[in-house]
Amino acid sequence: MARIRCDFFSAALGMGTSMTVLLPDAGAAGIGMPGAVTDGDPPVLYLLHGLTDDDTVWTRRTSIERYVAPLGLAVVMPQVQRSFYCDEAHGNRYWTFLTEELPEVCRSFFRLSARREDTFVAGLSMGGYGAVKWALRHPDRFAAAASLSGALDVVRRRDHPTRPVDPAVWHTVWGDQPAPKHDDTVGLLDRAGADLPALYVACGTEDFLHEDNVRFVDAARRRGVPLTVDFGPGDHEWGYWDARIQDVLAWLPLRRP
């Protein structure tokens with residue numbers, strides 16, 4: 001694999017930002033880590049970080065590079081600060097950056113497939129929310145989307161009695177208003193069409209977001225939205241996410257090398 005920390009200017013944000021990118025390389029096999037490539041431009045996974053993290057965190061706290069090396073899969077990990085992957089009320093246009101600018105920038109810098117069947121998104125916590133929201137709002141772009149311990153019910157989370165969203169973060173992202181309909185993942189299920197990407201939802205039963213994930217899954221099932229669910233022992237921590245991202249990679253409908 002090639003690992004690239006890419007610093008670039010974002011027109012959507014009006015400032016410089018960063019992403020970490022893993023690119024498949026068949027010629028870079030080393031001891032204990034084979035390389036692989038697919039025919040044509042490689043498939044791509046957009047892998048999203050959580051509230052307190054940045055674009056480097058997946059490579060620092062998991063073995064994501066080792067896991068994807070034999071799959072011929074590129075991984076794009078953008079940096080979005082504490083934005084909840086939104087166009088912020090009192091901040092910057094991170095939703096526009098993520099969904100409009102980033103894919104075009106990546107394809108201009110790197111050789112990546114633009115086909116829906118080769119495009120995936122996943123994330124943890126805030127990033128799980130971002131991944132599901134992106135998939136529900138733009139289902140035509142993705143073959144599959146996965147949430148690990150996602151904040152999948154932000155409307156309820158605003159006024160949660162024990163673990164609400166930080167009021168300062170909420171004010172920056174949504175002002176003093178409830179989350180709008182286009183940022184409500186549970187509400188987006190009501191407007192979901194029939195041709196959704198495959199959805200995967202995992203959350204540990206000891207996680208403070210477990211109840212939110214159960215509510216999202218129940219809402220999806222009531223609406224006839226098919227999804228793969230993994231609720232088992234685990235908390236909101238990297239040991240759980242390192243294990244689950246391996247499950248996600250095995251589940252993705254990838255073109256195999």
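The values are calculated or read from the model by the stated rules, or taken from the named source; none is laboratory data. Owing to the predicted nature of the structure, the values given are computational and were not obtained by experimental measurement. Counting neighbours? That spans all protein chains shown, and the Cβs are built from the backbone with ideal geometry, glycine included.
Some notes on this structure:
- Considering region 171-183, the residues that are surrounded by fewer than 18 Cβ atoms within 10 Å (Cβ to Cβ) and touching a residue at least 24 places away in the same chain (Cβ under 8 Å) include one that is nearest to the chain's Cα centre (by Cα), namely HIS182.
- The condition (being more than 17 Å from LEU188 (Cβ to Cβ), surrounded by fewer than 18 Cβ atoms within 10 Å (Cβ to Cβ), touching an Asp or Glu at 6+ places or on another chain (Cβ under 9 Å) and at pLDDT 95 or above) is satisfied by just one residue among ARG115, ARG93, ARG111: ARG115.
- Qualifying residues in region 192-225 (those that are part of a loop (DSSP other than H, G, I, E, B) and charged (D, E, K, R)) - the one nearest to ASP53 (Cα to Cα): ASP207
- Some residue of region 77-88 being among the hydrophobic types (A, V, I, L, M, F, W, C) and more than 30 Å from VAL165 (Cα to Cα): no
- Residue list for region 16-36, filter: of a type in the set (A, V, I, L, M), touching a residue at least 60 places away in the same chain (Cβ under 8 Å) and assigned to a strand (DSSP E or B): MET19, VAL21, LEU23
- So TYR85, is it at positive phi, at pLDDT 95 or above and either of a type in the set (Gly, Ala, Ser) or buried (at least 18 other Cβ atoms within 10 Å of the Cβ) (or both): yes
- The listed residue being of a type in the set (Phe, Trp, Tyr) and within 30 Å of ARG115 (Cβ to Cβ), out of PHE208, PHE216: PHE216
- Unmet requirement for ARG5, which otherwise passes all of (1) assigned to a loop (DSSP other than H, G, I, E, B); (2) touching a Ser or Thr at 6+ places or on another chain (Cβ under 8 Å): (1)
- Region 226-257: number of residues that are buried (at least 16 other Cβ atoms within 10 Å of the Cβ) and part of a loop (DSSP other than H, G, I, E, B): 7
- Residues that are touching a helix residue (DSSP H, G or I) at 6+ places or on another chain (Cβ under 9 Å) and assigned to a helix (DSSP H, G or I) within region 58-79 comprise TRP58, THR59, ARG61, ILE64, GLU65, TYR67, VAL68, ALA69, LEU71, listed in sequence order.
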